[in-house]
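Below is one structure; the comments refer to it alone.
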Amino acid sequence: MVPDAPDPREPQARRRVVIERVEPQIDCGRFPIKRVVGDWVLVKADIFADGHDSLGAALQHWDPAGQLSEVPMELVNNDRWMGRFQVQQLGRHKYRLEAWVDPFTTWRRGLAKKVEAGQDVAIDLKIGAQLIRQAGARASSADAALLARWAARLEGSPGGESEALIALALSDRLVQMMDAYPDRRFATASDKLEVAVDPARARCSAWYEMFPRSCSAGPGKQGTFRDCAERLPYVASMGFDVLYLPPIHPIGVTDRKGRNNNPVAGPDDVGSPWAIGSRLGGHKDIEPQLGTLEDFHDLLGKCREHGLDLAVDIAFQCSPDHPYATSHPEWFQQRPDGSIQYAENPPKKYQDIYPLNFASDRWAALWDELKSVVLFWAGQGVRIFRVDNPHTKPFAFWEWLLAEIKRDYPDAIFLSEAFTRPKVMYRLAKLGFTHSYTYFAWRSRKQELIEYLTELTTTELREFFRPHFWPNTPDILTQEMQAGGRPTFMARLVLAATLSANYGIYGPAFELCENRALVPGKEEYLDAEKYQIRQWNLAAPNSLKPLIARVNQARREHPALQKDENLTFHPIDNEYLIAYSKSTEDSSDMVLVVVNLDPSWKQSGWTSLSLPELGLQPEQTYRVRDLLTDAEYQWQGARNYVELDPHLIPAHIFHVRR
């Protein structure tokens with residue numbers, strides 16, 4: 001007799017369970033979500049089937065080595081299920097859901113109802129015995145023997161044993177055993193999703209940007225890596241985690257920019273560090289006036305001694321003098337007259353910079369060379385990279401490059417310096433950038449801040465976009481900071497450092513409240529450090545160094561400030577005052593921040609705290625200690641009075657103690 005041909009409907013015909021709306025996932029699983037080592041991944045999904053049968057569901061997790069672990073999922077309500085797993089290794093993890101119809105639980109639920117109604121359950125016990133015997137066939141030898149004995153008992157005539165058999169059938173021990181060996185032949189599985197797991201530094205960091213050539217103690221003298229190392233105690237004393245250096249490579253001479261972006265440079269002008277490359281080398285070389293590679297290694301080691309990670313700049317662009325311009329002219333855009341196209345952002349011209357042409361016919365060799373640049377610095381011990389203008393290079397390039405680097409250096413961190421359209425910024429984050437610059441510098445009014453932070457911390461963005469707040473950069477001196485002076489610098493510091501777990505400042509310009517603009521109404525600094533060596537009086541009496549140190553100390557000592565997604569805004573009856581809190585998941589640490597956004601006048605108001613968010617009862621008395629001044633107050637209930645003078649300290653960072 002000829003066997004029947006397989007029915008083409010078989011793969012799906014007997015899979016009754018539906019899995020929908022799996023969260024978290026990005027773009028239907030196209031991109032991974034992000035976590036750091038030690039994080040828990042909470043997964044939710046709609047799981048249901050036809051009819052009224054009970055279901056079983058499991059959350060499966062594969063670590064980067066491919067090791068599989070599995071945890072049961074729980075029904076929350078309305079067919080919404082939940083489970084979670086912890087990520088303990090760097091790299092790419094995978095997860096998926098599997099769900100199935102559970103005949104045993106369905107049977108047990110019906111049996112309990114019949115017993116409660118006083119109905120005869122002799123046949124039901126025999127049905128249960130069949131299910132138990134089937135599970136025994138899937139069990140290990142020891143468990144199989146036990147299940148076989150239980151099945152034999154239920155198959156026998158109840159007689160005077162009916163109560164004992166019912167107790168066995170409804171026992172927790174039998175449930176545990178049956179849950180261990182479910183029938184999953186016709187289980188439904190979701191698609192596999194990914195989690196990109198980064199080092200703990202990716203969750204929380206405080207960056208300090210500094211030009212090493214301005215670290216010399218002598219007026220007008222070129223600073224070196226050794227001078228930079230001498231300044232490390234100063235940086236570390238403010239509590240920063242990361243020291244970021246702009247490009248450290250040889251600077252081009254051709255069309256070098258002079259002071260204040262003058263198109264004509266004088267003989268002593270040092271040029272822009274972003275005009276990379278000269279006869280002395282390119283992206284894998286060091287500007288000789290800064291020192292040698294050995295000096296760089298020494299600086300790297302001294303950073304670690306001071307608890308600092310060293311971040312370097314990756315700027316994929318060249319000066320006209322870069323070796324690439326002569327050895328690989330095909331990597332650049334050729335103009336009709338045969339010259340290479342320099343960078344432009346009309347009406348601005350950047351004659352000292354040649355953009356790379358990623359549409360070149362020799363794109364593959366260009367990609368490989370740029371990858372070798374990052375690998376070179378990773379090989380020197382660098383693990384943190386700030387990437388200049390990534391939005392001007394192809395998305396496909398970054399997806400490939402970041403994956404390649406992460407394969408060899410899974411602890412690498414990349415900060416995307418892309419001040420561009422939101423969707424472009426978000427795409428770069430999805431492609432693998434660890435951190436992202438944001439629009440924080442230009443969000444100054446209360447409602448702007450609330451709306452922006454709500455978007456970053458409560459929408460899908462929280463799964464892949466790690467915001468990095470910078471109140472200033474060498475390119476950005478906002479109108480607000482120009483006009484508001486010292487009070488604005490203080491307020492923006494507190495906002496950046498407490499709203500975001502990752503933040504940075506460009507110093508010493510920031511702590512010395514440098515707010516002189518080249519042209520009124522523009523964001524360029526007068527005497528910008530991008531084009532000249534600056535001497536900074538680090539001992540200036542108006543320095544914000546003590547305040548910065550207190551803010552960073554609060555961040556280090558309070559886990560509540562080391563996350564982004566735990567942010568809650570609280571109403572306060574003054575448009576110039578903004579109030580928000582952060583707390584740990586178990587409410588063991590709670591921090592409440594109030595900031596005066598008015599740089600000119602003292603502002604006061606009454607809070608309207610969301611007490612449940614702070615783990616407090618309506619009439620409960622609690623104490624708040626200001627982490628900036630050590631002042632302590634006793635509060636009660638949601639409404640409490642605050643008053644802030646911007647010329648003293650325009651903010652409270654309260655530790656809430658029940």
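General remarks:
- In the range 51-68, the qualifying residues are those that are farther than 13 Å from P182 by Cβ and of a type in the set (S, T, N, Q), and the one that is surrounded by the fewest Cβ atoms within 10 Å (Cβ to Cβ) is Q67.
- Pairs where the first residue, in the range 326-345, is over 19 Å from G282 (Cα atoms) and among the charged types (D, E, K, R) and the second is open to solvent by less than 90 Å² (accessible area, probe 1.4 Å) and in a loop (DSSP other than H, G, I, E, B), C-beta under 6 Å, 6+ apart: R335/Q341
- Residue ID - nearest to the chain's Cα centre (by Cα), chosen from residues in the range 472-509 that are assigned to a loop (DSSP other than H, G, I, E, B), crowded, with 24+ Cβ neighbours inside 10 Å and not small (G, A, S): N472
- Residues in the range 616-658 that are in a loop (DSSP other than H, G, I, E, B), among the charged types (D, E, K, R) and on the phi < 0 side of the Ramachandran plot: E619, R639, D645, R658.
- The residue that is surrounded by the most Cβ atoms within 10 Å (Cβ to Cβ), counting only those in the range 345-362 that are in contact with a Pro (Cβ under 9 Å, 6 or more places away or on another chain) and outside any loop (DSSP other than H, G, I, E, B), is Y354.
- Matching residues, the range 71-97, being in a strand (DSSP E or B), in contact with a Pro (Cβ under 8 Å, 6 or more places away or on another chain) and open to solvent by 70 Å² or more (accessible area, probe 1.4 Å): R92
Yes or no, residue by residue, for (1) more than 16 Å from the chain's Cα centre (by Cα); (2) open to solvent by 40 Å² or more (accessible area, probe 1.4 Å); (3) under 20 Å from A491 (Cβ atoms); (4) not hydroxyl-bearing (S, T, Y):
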residue	(1), (2), (3), (4)
V424	yes, no, no, yes
F433	no, no, no, yes
A441	yes, no, yes, yes
L449	yes, no, yes, yes
F465	no, no, no, yes
H468	no, no, yes, yes
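- Which listed residue is in contact with a His (Cβ under 8 Å, 6 or more places away or on another chain) and open to solvent by 30 Å² or more (accessible area, probe 1.4 Å), from S610, S588, S581: S610
- Considering each residue of the range 306-321 in turn, at least one proves to be over 17 Å from Y244 (Cα atoms), touching a strand residue (DSSP E or B) at 6+ places or on another chain (Cβ under 6 Å) and among the acidic types (D, E).
Yes/no matrix, rows are residues, columns are (1) of a type outside the set (A, V, I, L, M); (2) modelled with pLDDT of 95 or more; (3) surrounded by fewer than 20 Cβ atoms within 10 Å (Cβ to Cβ):
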| residue | (1), (2), (3) |
| --- | --- |
| T292 | yes, yes, yes |
| D298 | yes, yes, yes |
| D309 | yes, yes, no |
| H322 | yes, yes, no |
| S339 | yes, no, yes |
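- Residues satisfying the stated conditions in the range 378-422, i.e. farther than 15 Å from S436 by Cβ, in contact with a Lys or Arg (Cβ under 7 Å, 6 or more places away or on another chain) and surrounded by 17 or more Cβ atoms within 10 Å (Cβ to Cβ): L401, A412
- One residue alone among R108, R96 is within 30 Å of E20 (Cβ to Cβ), of a type in the set (D, E, K, R) and in contact with a Ser or Thr (Cβ under 7 Å, 6 or more places away or on another chain), and that residue is R96.
- Yes/no for A528 being in a helix (DSSP H, G or I) and either under 30 Å from A265 (Cα atoms) or touching a helix residue (DSSP H, G or I) at 6+ places or on another chain (Cβ under 8 Å) (or both): no
- Pairs linking a residue in the range 527-541 that is closer than 21 Å to S237 by Cβ to a residue that is part of a loop (DSSP other than H, G, I, E, B) and open to solvent by 20 Å² or more (accessible area, probe 1.4 Å), with Cβ atoms under 6 Å and 6 or more positions apart or on different chains, are Q535/P219; A540/L512.
- Residue match in the range 360-380 (condition: in contact (Cβ under 8 Å) with a residue 12 or more places away in the chain, within 30 Å of L499 (Cβ to Cβ) and not polar (S, T, N, Q)): no
- Filter result (open to solvent by 40 Å² or more (accessible area, probe 1.4 Å), closer than 20 Å to R555 by Cα and in contact (Cβ under 8 Å) with a residue 12 or more places away in the chain) within the range 614-657: R623, R625, T629, I649, R657
- Residues in the range 386-420 that are in contact (Cβ under 8 Å) with a residue 12 or more places away in the chain and charged (D, E, K, R): R386, D388, K393, E399, E404, K406, D408, D411, E417.
- Residues that are in a loop (DSSP other than H, G, I, E, B) and over 46 Å from the mean Cα position of the chain (by Cα) were ranked within the range 98-138; the one that is surrounded by the fewest Cβ atoms within 10 Å (Cβ to Cβ) is G118.
- If only residues of the range 540-558 that are out of contact with any helix residue (DSSP H, G or I) (no Cβ under 9 Å at 6 or more places or on another chain) and assigned to a loop (DSSP other than H, G, I, E, B) are counted, the one that is most open to solvent (accessible area, probe 1.4 Å) is P541.
- In the condition set (1) modelled with pLDDT under 95; (2) out of contact with any Ser or Thr (no Cβ under 7 Å at 6 or more places or on another chain); (3) of a type outside the set (V, I, T), A554 is compliant with all but (1).
- Filtering the range 559-609 to residues that are within 19 Å of Y622 (Cβ to Cβ), of a type in the set (A, V, I, L, M) and more than 18 Å from the chain's Cα centre (by Cα) leaves I572, A579, M590, V591, L592, V593, V594, L609.
The values are calculated or read from the model by the stated rules, or taken from the named source; none is laboratory data. Values in this document were obtained by computation on a predicted structure and should not be read as measured data. Glycine gets a Cβ as well: all are built from the backbone with ideal geometry, and neighbour counts include every protein chain shown. With ligands, DNA and RNA removed, areas are computed over all heavy atoms of the protein, side chains included. Shrake-Rupley method; radii C 1.70, N 1.55, O 1.52, S 1.80 Å.
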